[in-house]
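The values are calculated or read from the model by the stated rules, or taken from the named source; none is laboratory data. Treat the numbers as computed from the prediction; the structure is a model and nothing was measured. Glycine also receives a Cβ, built like all others from the backbone with ideal geometry; neighbour counts cover every protein chain displayed. Protein only, heavy atoms only, side chains kept; ligands, DNA and RNA dropped before computing areas. Shrake-Rupley method; radii C 1.70, N 1.55, O 1.52, S 1.80 Å.
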Number of protein chains: 4
Amino acid sequence: MGQVPEDFKITGAIAAPATALKSNGDVNPEAVADYVNFLANNEIDGVFVLGTLGEGLSLSVSERKEVAEAWVKEAKDKLSSVIVHVGAGNIRDSIELAQHAQKIGATAIACMLPSYFKPSTEAVAVEYIQQVAAAAPETPFYYYCINFMSGIYLNTAKILELASGRIPNLRGAKISSRELPSLLDSSRVCGGKLQIMVGTDEQFLPCLTLGIRVPVLNSFLGSLYKRLLKAFDAGDMDTARDEMVQARKLVLIRSKYIDGPAYVKAAMKCLGVDLGPVRLPLEDMPEHLLPSLKQDLKDLGLPVQ
Amino acid sequence: MGQVPEDFKITGAIAAPATALKSNGDVNPEAVADYVNFLANNEIDGVFVLGTLGEGLSLSVSERKEVAEAWVKEAKDKLSSVIVHVGAGNIRDSIELAQHAQKIGATAIACMLPSYFKPSTEAVAVEYIQQVAAAAPETPFYYYCINFMSGIYLNTAKILELASGRIPNLRGAKISSRELPSLLDSSRVCGGKLQIMVGTDEQFLPCLTLGIRVPVLNSFLGSLYKRLLKAFDAGDMDTARDEMVQARKLVLIRSKYIDGPAYVKAAMKCLGVDLGPVRLPLEDMPEHLLPSLKQDLKDLGLPVQ
Amino acid sequence: MGQVPEDFKITGAIAAPATALKSNGDVNPEAVADYVNFLANNEIDGVFVLGTLGEGLSLSVSERKEVAEAWVKEAKDKLSSVIVHVGAGNIRDSIELAQHAQKIGATAIACMLPSYFKPSTEAVAVEYIQQVAAAAPETPFYYYCINFMSGIYLNTAKILELASGRIPNLRGAKISSRELPSLLDSSRVCGGKLQIMVGTDEQFLPCLTLGIRVPVLNSFLGSLYKRLLKAFDAGDMDTARDEMVQARKLVLIRSKYIDGPAYVKAAMKCLGVDLGPVRLPLEDMPEHLLPSLKQDLKDLGLPVQ
Amino acid sequence: MGQVPEDFKITGAIAAPATALKSNGDVNPEAVADYVNFLANNEIDGVFVLGTLGEGLSLSVSERKEVAEAWVKEAKDKLSSVIVHVGAGNIRDSIELAQHAQKIGATAIACMLPSYFKPSTEAVAVEYIQQVAAAAPETPFYYYCINFMSGIYLNTAKILELASGRIPNLRGAKISSRELPSLLDSSRVCGGKLQIMVGTDEQFLPCLTLGIRVPVLNSFLGSLYKRLLKAFDAGDMDTARDEMVQARKLVLIRSKYIDGPAYVKAAMKCLGVDLGPVRLPLEDMPEHLLPSLKQDLKDLGLPVQ
């Protein structure tokens, strides 16, 4: 490898897949191969693994390595990027995961800050991610911000600005926080040189006006985002909005059932991909809700099985 | 008057002006005439008075009536709309203010929910605004949502949906909350028939993709928003983004000094319009920061005096 | 009247009564006479009216005056104190209510800070209450702190300390916040000269160890608190704890049904005192839960009717 | 070992020590021996290690094992108990740490719930701690609740109630949350059979009235708590209160400098015990504040060096 190219960019539609578990609760890396095919068939170009929807924080370091390896191996020739999330409760684990991600050839790494002992300033947040990024110096690094989960309400743009002078492999941020002004500010840091990826499906169209062109999807609907992007670029705002409303509907279904990874796994089951249970302290969606969820997904035109 | 027309819409760039106080703390309705001229000269088409920036909640009922009257009177022939906010700590005051607003000929009224005893469901929130709206049945009614101030995190789209069948004069909502998904959902209620106004200057461009075309501005820069809107409609996204970044810069200056009404009054003072102090428990921006604020505003191209 | 005596103290068991409303939603001051008798019969020595449980913030200024007058008039010769809460959404209303309370002869007034525009420092909080206290200079003034309702998390001890040098009629605070350390700090201000009243029934015993001896009760069980106090003073900790557990049980019943004023009104109804509905945006406890609540209160030994 | 005795109880004054780090950031188990002597000399009877003040969540699993081993080894013959906190970001790590703690002979283990993916009900919280407790079946298990750090506001008493029927080695809870009612409710579960330890120094006296007699101290002042306890038991409330006020003063000094582990390490340095730096994302107290902190501690009568 070597130095990270200045103009490194993630491209296309990225999905944030769930992490398959066996019925005994162990991670199930064997499920990754099929999952990759499923995503590729749905026009997904890359994956952001082991983040929030991937239950990364619920897995041990060795489990995370095993899962990351499976994704890098299976995605080869099928997806253009595998971004491995290495954020953890403590910096030593994150450093270990960053080293490992680089060794196995992850396309990029991303890291959130710990949420039990929260960093109290942007400066110390940068010190933290600097040490993690330095553990994988030949791998593009993305800061991962998701305030409503972490409870960390630091200024992301300020973190990026401070970090840009100190982290040579910093290439941007994945922002799942819901406040547009934060996305706007972040997109302007260093004259817009850093790449912002938006982690909220239903904000993709508004984000396009800010020049943010890569979504990290809760869903797997790569084709939808490509149609939306095409319409926007052609100035056809009505079609773009229709696609976004469709994406939003999918998110709203979620709010009727259960949040986060448990929803992803339930929805995937409806679509014929069994990813097993979630891990405690999360809870699976109750079985008896499956028929209703299936109907809702069917009504949206998804290929329910 | 009579029935509110089905297709009633607020148009143009709306500003949320501060409420001028005398040095003894009394309201100063005499200042409204000049303020109206200032706004009109800056291509502002209408005003949303006595909301958050207008310190409505810090004024007594009789003070609010006096101020509302001044705006309606002075804006005549100069602004196309005066929206009077009637939200208060208790429903009786809101009802009285709504009746009064209709009597004096306000273009529309808006109402937030009380934030000490918070409504616990969308249903009871609708019961509340229904009684207020019914007190001004010939005046268009807008629900006002600003969760980060009120601490009320109910689902705005659901409130609008429930309300649309029960409040004949409901014509939309003014949303200052910062979550785009909420704006999106609200913009789709009743097939998009209700008018959403966005209360966050720097979200105007993203909101345009949702079909939200009327901002309620913290600033007074009507011309900026008109250029932005024109660029967006012409498909010139780069120009539109440049204008929005400019708007955002103005907001970011604020974060260096003081928040809310105190900032508006300090900034207006720099521009030659003295609106007096804010009312307790708010605090004025310290005097010694004025020169620095002046410089910042000057650097943004504003006509500082 | 004249100067407030240095050593003014509220004594005995204080209750925080609900405010009776008529079925049409108007205030019902006629209900106060019976309520006073009910409280006096239950060994209640005084009342804290128009605070949180009294729905003060949901009433207009004129309604609050009317209710305060009824309490002062009816409590004469029957209760030793009527503390009138004058906190409101805006300072002008609070000042007017303070003047009125003094005029009608309230034993003391109490004032919370506004919660929409929150004071951002202890210093400005003191400026605020200083103006309110100055409007009733011959009436003892108590600061009212209830952070989980107001969202104001300022340091109460610091407010009292700053205020003690500037508010001649300041005599203490009513603290309903649940953090013991805050109660401890406040009880030590000025060498313990200020009187702290605790607004959490089930914290009365622990508070006694801090020297806090006057509760403002959610319930009406004056006799229970007198037994508890007597046991504590006699060093009989087991009996004291048994009484407190009994008080806690009454609070825990509440959590099964509905919070705040709606619970008080429902419980009072079970005991034969009809106080009417609560005011929007609060909601009454659903009728169908009354039998179950009656049973629960009966099981605790209360004289359900 | 074998079954945990029904009547197992932690006794005396427990401290929550910091975890010493080397200047390169590695854990420094060599420092434990001196630390144990220091605590024993200050009438501390036992330790709660690797919890919040012990930065447990900032350490990797292998580091935590190393530190736990040092405490168990060095405390032998000097302290009556070593409670090892095994809470972690993911359940697998907690299970591994629980097994290890039992193997090395910890007196008891304690476990908090993960705070990134928060449990959403008391029932699932119990499922979680049940699996952890089952990994060390011959070791007394304590649930650890500290809501203002974890953001988990579940009902502790309800968790204990559910858990008591399902976790044979459950012996109580360590509660650092600041709400007295929660401590009261928890102290009454199973007729008071479970042991509650209070993690807030300045709430020890009020807690004594609830029958809670073991504090887990932020400080190391075992003698202070013994004097306090003795005074309380003798019915000498004035002396007890004086001691508690002294304890509170020590806590209040903290608020002038920095919070949590960084304060403990700075204060210990003033007392001649160098525990090294804290780990990112925490920050050390700035060096230049040391003289002022030393003076403050000296003023309280502590043996500053």
- prompt: Out of all the residues in the range C:255-263, is one or more over 20 Å from the mean Cα position of the chain (by Cα) and not polar (S, T, N, Q)?
  reply: yes
message: Could you check the range B:80-94 and list, in sequence order, the residues that are part of a helix (DSSP H, G or I) and either polar (S, T, N, Q) or open to solvent by less than 40 Å² (accessible area, probe 1.4 Å) (or both)?
response: B:Ile91, B:Asp93, B:Ser94
- prompt: Is there a residue being part of a helix (DSSP H, G or I), more than 26 Å from B:Leu282 (Cα to Cα), at pLDDT 95 or above and among the aromatic types (Phe, Trp, Tyr) anywhere in the range B:134-152?
  reply: no
- prompt: Which of the residues that make up the range A:296-305 are among the acidic types (Asp, Glu) and either surrounded by fewer than 19 Cβ atoms within 10 Å (Cβ to Cβ) or outside any helix (DSSP H, G or I) (or both)?
  reply: A:Asp299
- prompt: Within the range B:260-305, restricting attention to residues that are of a type in the set (Val, Ile, Thr) and within 14 Å of chain C (Cβ to nearest Cβ), which residue is nearest to C:Tyr128 (Cα to Cα)?
  reply: B:Val278
- request: Exactly one condition in (1) at pLDDT below 95; (2) within 14 Å of the chain's Cα centre (by Cα); (3) more than 9 Å from chain D (Cβ to nearest Cβ) is not met by C:Val214; state its number.
  value: (1)
query: Does the range A:187-210 contain at least one residue that is closer than 27 Å to B:Thr209 by Cα, among the aromatic types (Phe, Trp, Tyr) and surrounded by 23 or more Cβ atoms within 10 Å (Cβ to Cβ)?
result: yes
message: Which residue is nearest to A:Tyr263 (Cα to Cα), if the candidates are limited to the range A:76-94 and must be within 9 Å of another protein chain (Cβ to nearest Cβ) and out of contact with any Phe, Trp or Tyr (no Cβ under 7 Å at 6 or more places or on another chain)?
response: A:Ala88
field: Filter result (open to solvent by 50 Å² or more (accessible area, probe 1.4 Å) and within 9 Å of chain D (Cβ to nearest Cβ)) within the range C:239-254
entry: C:Leu252
- request: Within the range A:95-148, count every residue that is within 10 Å of chain D (Cβ to nearest Cβ) and not aliphatic (A, V, I, L, M).
  value: 13
query: If you scan the range A:255-273, which residues turn out to be exposed (fewer than 14 other Cβ atoms within 10 Å of the Cβ), on the phi < 0 side of the Ramachandran plot and touching a residue at least 24 places away in the same chain (Cβ under 8 Å)?
result: A:Lys256
message: Looking only at the range B:159-186, filter to residues that are facing chain A (nearest Cβ under 10 Å) and in a loop (DSSP other than H, G, I, E, B); which one of those is most open to solvent (accessible area, probe 1.4 Å)?
response: B:Arg178
- prompt: Hey, any hits in the range B:15-28 for a residue that's open to solvent by less than 40 Å² (accessible area, probe 1.4 Å), under 23 Å from B:Arg227 (Cα atoms) and not in a loop (DSSP other than H, G, I, E, B)?
  reply: yes
query: Out of curiosity, is C:Ala33 open to solvent by 10 Å² or more (accessible area, probe 1.4 Å), in contact with a Lys or Arg (Cβ under 9 Å, 6 or more places away or on another chain) and hydrophobic (A, V, I, L, M, F, W, C)?
result: yes
field: Count of the range A:101-125 residues which are part of a helix (DSSP H, G or I), in contact with a helix residue (DSSP H, G or I) (Cβ under 9 Å, 6 or more places away or on another chain) and closer than 28 Å to D:Gly54 by Cα
entry: 3
query: What number of residues within the range B:187-211 satisfy the criterion of being polar (S, T, N, Q), more than 12 Å from every other protein chain (Cβ to nearest Cβ) and without any contact (Cβ under 8 Å) to a residue 60 or more places away in the chain?
result: 0
- request: Please verify whether the range D:154-169 includes one or more residues that are under 26 Å from D:Pro261 (Cβ atoms) and either at pLDDT below 95 or of a type in the set (D, E, K, R) (or both).
  value: no
message: Can you tell me which residue is farthest from the other protein chains (Cβ to nearest Cβ) among those in the range B:54-64 that are part of a loop (DSSP other than H, G, I, E, B) and closer than 16 Å to B:Ala31 by Cα?
response: B:Gly54
- request: Would you point out which residue out of D:Lys9, D:Lys73 is away from chain A (no Cβ under 12 Å), among the charged types (D, E, K, R), under 17 Å from the mean Cα position of the chain (by Cα) and over 18 Å from D:Asn218 (Cβ atoms)?
  value: D:Lys9
- prompt: Given the structure, is C:Ala163 more than 24 Å from D:Thr200 (Cα to Cα) and out of contact with any Pro (no Cβ under 6 Å at 6 or more places or on another chain)?
  reply: yes
